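Here is the structure we will look at.
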Amino acid sequence: MAERTLYDKIWKSHTVGILPTGQTQLFVGLHLIHEITTAPAFDMLREQGMDVAFPERTFATVDHIVPTDLRTRPFLDAEAEELTKALEKNVKEFGIEFFGLDSPNQGIVHVIGPQLGLTQPGMTLACGDSHTSTHGAFGTLAFGIGTSQVRDVLATQTLAMDKLQVRKINVNGALRTGVYAKDVILNIIRRLGVAGGKGFAYEYGGPVVENMNMEERMTMCNMSIEGGALAGYVNPDATTFAFLRGRPYVPSGEAFERAVAYWKSVASDPDARYDDVVELEGKDIEPTVTWGVNPGQAVGISEKLPRPEEYSDPDGARKAYEHMGWQPGGPILGTPIDVAFIGSCTNSRLTDLRAAAKIARGRKVKAGIRALVVPGSAEVKKLAEQEGLHDIFREAGFEWRDAGCSMCLAMNPDKLVGREICASSSNRNFIGRQGSPRGRTLLMSPAMVAAAALNGQVVDVREYP
Amino acid sequence: MSEIVKITRVTGTAVPIRGNDIDTDRIIPARYLKEVTFARMGQYPFFDERFDAAGKPKAHPLNDPKYLGASVLLVNRNFGCGSSREHAPQALYRFGIQAIVGESFAAIFAGNCVMMGLPTATASASDIEMLMNTVEQNPQTRFIVDIDKKIASFGEQQISIDLPETYRSALTSGSWDSTTMLRARLDQVKKTASKLPYMTGFAG
């Protein structure tokens, strides 16, 4: 088993005890909730007459179902309205801080946690959402949970958990121009498989990761779960501390110095032992696009679509081709698109929007393409507007929306229709994910989505200096 | 929970759903997550694969009358990957599934299942193939999925199944509904919390 890793250290300091089942009772330092996976958890508390054990350690927002254009209440969607009302009632009844629709802190739960400095190194963090792994970018042990587990965290601030193994993934060298964190993580998943991380936490390191800013690290950690790993993290360093300094929920003055000392102490030791180590070369990574129906089915932009036999599950690959409607051997380059979506907890932060805006500046979205930019939070939106990014996008023909999960999972009115193909900066290309059972999703970096929107087809972003 | 329900074995007929990496978006499309309770989830498992846009049933094992009333679901590799939505196992459970036997399960999905008292057990790829073939040829075959002994059997045949020891223990001891167990130790929880520097805002 791994030793002296960040994972081991946090696991140990948060262990309450060993349960009769053999599981570990693990303290949860921060609990984030949203409207979708929580209502039954609060109902269970009420049925059992329980209160929330540590209400000051839970924070709530609305993100999954909120409309990103017309946000007047009541929502046109009666179910969305009811679910939002249920959350509003629950946070009030149980005394939980809530960043609602009118709050300047509203946004995608995995964007606002870091933005507010709620997410900190050396903490455990749980949320009823699989992309909670995002927060691992800060050296936080963060993982997604189901609704019954949300109930457990509310009632006890703990979870019954089994310890994971730790796999170190080193990305060596440097990335080439036009290659982003999204391309790196898509390549890791492609190489290790969508189930390859089962039973593991992924520790991302090596020069490429060490040189990434916090938003890039979040993109990496965000998609850990797409590789089957419940959690992914990066050791906290000077980049992490600089990001956190001055944020609303981060201590200041001498307390900040004490915090930094603690944060440094939780990083994996130089002689830490890992259960597995994987090495990747940054220079080998190209702008990457998924061609199939899971995030592991991806190719470099200059590659040909693989033969099904190249996969461990050829039948699965054949079914993916059937759904997508293309043939092995063809190029991914030039694949026509109908919709372009820039957003989601993977790629909706300021640096993502800047990268996309750089491509879109002074150019036009191809006629007939529906293109959306959905900032990850109200704050990201505000900062982007201060830089004039909204004008660049609008002038190019993109719609500039309010914050939310939007077309990543299409629980709000932003959906694909019929067989539409979407170039998307989100995290899942599952069948039906973007709201149409017959729809198709091509995952790629925000810059690649912007370039695809301008051309109406998949292009190589490196041709847009 | 006041009532302790020990889950040691599940018996009944089975239904196979073939394919690797079946994600929870397929098991339950996101639009059904807008409902405020799990009460109606049993109507929705695999909805978009079972019904076309007009609501007309399509060929799918869960629509096939020969599998009607099955309580064991047979699946392949990495079942339940993707979104953490507990609506997925809730949909299967409320549809009538009481145990899932497959080659492997995604982590969050398996965790959600155990907390609902829905066992997920693994078996070798060849045994799963044999079980699926058996059921497809003879859907009336009755299975016993013995969680305690880690054996699945039908007729004279037995195969070994596996699940994490902590899951087996939670299910067979009736402590799968973990809230009571966790809440009994709130004093210790507070003690652990008090040692974490961030809990006091790094006060000196």
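The values are calculated or read from the model by the stated rules, or taken from the named source; none is laboratory data. For clarity, every value in this text was computed on a predicted model and none was experimentally measured. Neighbour counts run over all protein chains shown; Cβ positions are idealised from the backbone, glycine included.
Residues in region A:84-139 that are in contact with a helix residue (DSSP H, G or I) (Cβ under 8 Å, 6 or more places away or on another chain), β-branched (V, I, T) and more than 17 Å from A:V66 (Cα to Cα): A:I96, A:T119, A:T124, A:T132, A:T134. Across region A:239-256, the qualifying residues are those that are surrounded by 13 or more Cβ atoms within 10 Å (Cβ to Cβ) and part of a helix (DSSP H, G or I), and the one among them that is farthest from the chain's Cα centre (by Cα) is A:A255.
Given the residues A:G296, A:G300, A:G253, which is the only one that is more than 30 Å from A:P336 (Cα to Cα) and either within 14 Å of chain B (Cβ to nearest Cβ) or among the small types (G, A, S) (or both)?
Numbers: A:G296 fails: more than 30 Å from A:P336 (Cα to Cα); A:G300 fails: more than 30 Å from A:P336 (Cα to Cα).
After ruling out the rest, the residue left standing is A:G253.
Please specify each residue of region B:150-194 satisfying the condition of being among the basic types (K, R) and more than 7 Å from every other protein chain (Cβ to nearest Cβ). Lay out the reasoning, then the answer.
Filtering region B:150-194 down to residues among the basic types (K, R) leaves B:150, B:168, B:183, B:185, B:190-191.
Within region B:150-194, B:K150, B:R168, B:K190, B:K191 qualify.
Where in region A:267-320 are the strands (runs of 3 or more DSSP E), entirely inside, with at least 2 residues that are aliphatic (A, V, I, L, M)? Even if it seems obvious, please write down each step before you answer.
Values: elements: A:276-281, A:288-290, A:298-300.
Strands (runs of 3 or more DSSP E) meeting the threshold: A:276-281, A:298-300.
Note on region A:121-140: residues that are assigned to a loop (DSSP other than H, G, I, E, B), touching a strand residue (DSSP E or B) at 6+ places or on another chain (Cβ under 8 Å) and either among the polar types (S, T, N, Q) or farther than 22 Å from A:N347 by Cβ (or both) total 2.
For A:I185, the conditions (1) more than 27 Å from A:G292 (Cβ to Cβ); (2) buried (at least 24 other Cβ atoms within 10 Å of the Cβ); (3) without any contact (Cβ under 8 Å) to a residue 60 or more places away in the chain are fulfilled apart from (1). In this structure, does B:G69 turn out to be at pLDDT 95 or above, closer than 29 Å to B:S160 by Cβ and at the interface with another protein chain (Cβ under 8 Å from one of its Cβ atoms)? Criteria not met by B:G69.
Going by the conditions given, is A:A155 assigned to a strand (DSSP E or B), within 13 Å of chain B (Cβ to nearest Cβ) and not β-branched (V, I, T)? Against the criterion (assigned to a strand (DSSP E or B), within 13 Å of chain B (Cβ to nearest Cβ) and not β-branched (V, I, T)), A:A155 does not qualify.
If you check B:A59 against the conditions, is it surrounded by fewer than 23 Cβ atoms within 10 Å (Cβ to Cβ), out of contact with any Ser or Thr (no Cβ under 8 Å at 6 or more places or on another chain) and closer than 26 Å to A:N294 by Cα? Before the answer, list the steps.
Working: surrounded by fewer than 23 Cβ atoms within 10 Å (Cβ to Cβ): yes; out of contact with any Ser or Thr (no Cβ under 8 Å at 6 or more places or on another chain): yes; closer than 26 Å to A:N294 by Cα: yes.
Answer is yes for this residue.
Using the structure shown, decide if A:P40 is farther than 30 Å from A:P121 by Cβ, at the interface with chain B (Cβ under 7 Å from one of its Cβ atoms) and modelled with pLDDT of 95 or more. Working first, answer last.
Numbers: farther than 30 Å from A:P121 by Cβ: yes; at the interface with chain B (Cβ under 7 Å from one of its Cβ atoms): yes; modelled with pLDDT of 95 or more: yes.
Criteria met by A:P40.
Among the residues making up region A:226-235, those that are within 13 Å of chain B (Cβ to nearest Cβ) and of a type outside the set (D, E) are A:G227, A:G228, A:A229, A:L230, A:A231, A:G232.
Every listed requirement among (1) over 23 Å from A:G113 (Cβ atoms); (2) away from chain B (no Cβ under 11 Å); (3) crowded, with 23+ Cβ neighbours inside 10 Å is met by A:Q23 save one, (2).
Conditions tested, residue by residue: (1) under 30 Å from A:A78 (Cβ atoms); (2) in contact (Cβ under 8 Å) with a residue 40 or more places away in the chain; (3) aliphatic (A, V, I, L, M); (4) crowded, with 19+ Cβ neighbours inside 10 Å.
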site	(1), (2), (3), (4)
B:K6	no, yes, no, no
B:G19	no, yes, no, no
B:R31	yes, no, no, yes
B:E35	yes, no, no, no
B:E49	yes, no, no, yes
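For residues in region B:47-59 being part of a loop (DSSP other than H, G, I, E, B) and at the interface with chain A (Cβ under 9 Å from one of its Cβ atoms), which is modelled with the lowest pLDDT?
The first filter runs over region B:47-59 and keeps only residues part of a loop (DSSP other than H, G, I, E, B), leaving B:52-56, B:58-59.
Now drop any that are not at the interface with chain A (Cβ under 9 Å from one of its Cβ atoms), which leaves B:52-53.
Numbers: B:D52: 95, B:A53: 91.
The residue in question is B:A53.
Among the residues of region B:112-127, the one identified as over 14 Å from B:V10 (Cβ atoms), in contact with a strand residue (DSSP E or B) (Cβ under 7 Å, 6 or more places away or on another chain) and within 14 Å of chain A (Cβ to nearest Cβ) is B:T122. Annotation note: of A:E82, A:E88, the sole residue that is within 14 Å of chain B (Cβ to nearest Cβ), without any contact (Cβ under 8 Å) to a residue 24 or more places away in the chain and touching a strand residue (DSSP E or B) at 6+ places or on another chain (Cβ under 8 Å) is A:E88. Checking each residue in region A:1-13 for being more than 7 Å from chain B (Cβ to nearest Cβ) and either surrounded by fewer than 23 Cβ atoms within 10 Å (Cβ to Cβ) or within 30 Å of A:Q106 (Cβ to Cβ) (or both) picks out A:M1, A:E3, A:R4, A:D8, A:K9, A:I10, A:W11, A:K12. For region B:1-46, filtering for residues that are at the interface with chain A (Cβ under 9 Å from one of its Cβ atoms) and either part of a helix (DSSP H, G or I) or among the polar types (S, T, N, Q) (or both) leaves 10. Within region A:430-451, is there a residue that is over 26 Å from A:G100 (Cα atoms), assigned to a loop (DSSP other than H, G, I, E, B) and among the aromatic types (F, W, Y)? Within region A:430-451, one or more residues are over 26 Å from A:G100 (Cα atoms), assigned to a loop (DSSP other than H, G, I, E, B) and among the aromatic types (F, W, Y).
When residues in region A:56-112 are screened for being outside any loop (DSSP other than H, G, I, E, B) and either touching a Lys or Arg at 6+ places or on another chain (Cβ under 7 Å) or not aliphatic (A, V, I, L, M) (or both), 24 of them pass. Close contacts from region A:386-412, counting a first residue that is assigned to a strand (DSSP E or B) and a second that is surrounded by fewer than 23 Cβ atoms within 10 Å (Cβ to Cβ), with Cβ to Cβ under 6 Å and a gap of 6+ residues or different chains, come to A:W400/A:H390; A:W400/A:R394.
Listed here are the residues, each with its yes/no results for (1) out of contact with any Leu (no Cβ under 8 Å at 6 or more places or on another chain); (2) among the aliphatic types (A, V, I, L, M).
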position	(1), (2)
A:A60	no, yes
A:H64	no, no
A:T72	yes, no
A:D77	yes, no
A:L83	yes, yes
A:F94	no, no
A:L101	yes, yes
A:I108	yes, yes
A:I112	no, yes
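From the list A:E257, A:E281, A:E226, A:E310, the lone residue that is of a type in the set (D, E, K, R), touching a Pro at 6+ places or on another chain (Cβ under 8 Å) and at pLDDT 95 or above is A:E226. Among the residues of region B:161-198, count how many are surrounded by 15 or more Cβ atoms within 10 Å (Cβ to Cβ) and either touching a Lys or Arg at 6+ places or on another chain (Cβ under 8 Å) or of a type in the set (G, A, S) (or both). Summing the residues that are surrounded by 15 or more Cβ atoms within 10 Å (Cβ to Cβ) and either touching a Lys or Arg at 6+ places or on another chain (Cβ under 8 Å) or of a type in the set (G, A, S) (or both) in region B:161-198 gives 14. Evaluating A:M218 against the criteria (1) closer than 28 Å to A:S344 by Cα; (2) part of a loop (DSSP other than H, G, I, E, B); (3) away from chain B (no Cβ under 14 Å) leaves one unmet condition, (2). Only one entry of A:G122, A:G49 meets the criterion of being buried (at least 24 other Cβ atoms within 10 Å of the Cβ) and within 27 Å of B:T192 (Cα to Cα), and that entry is A:G122.
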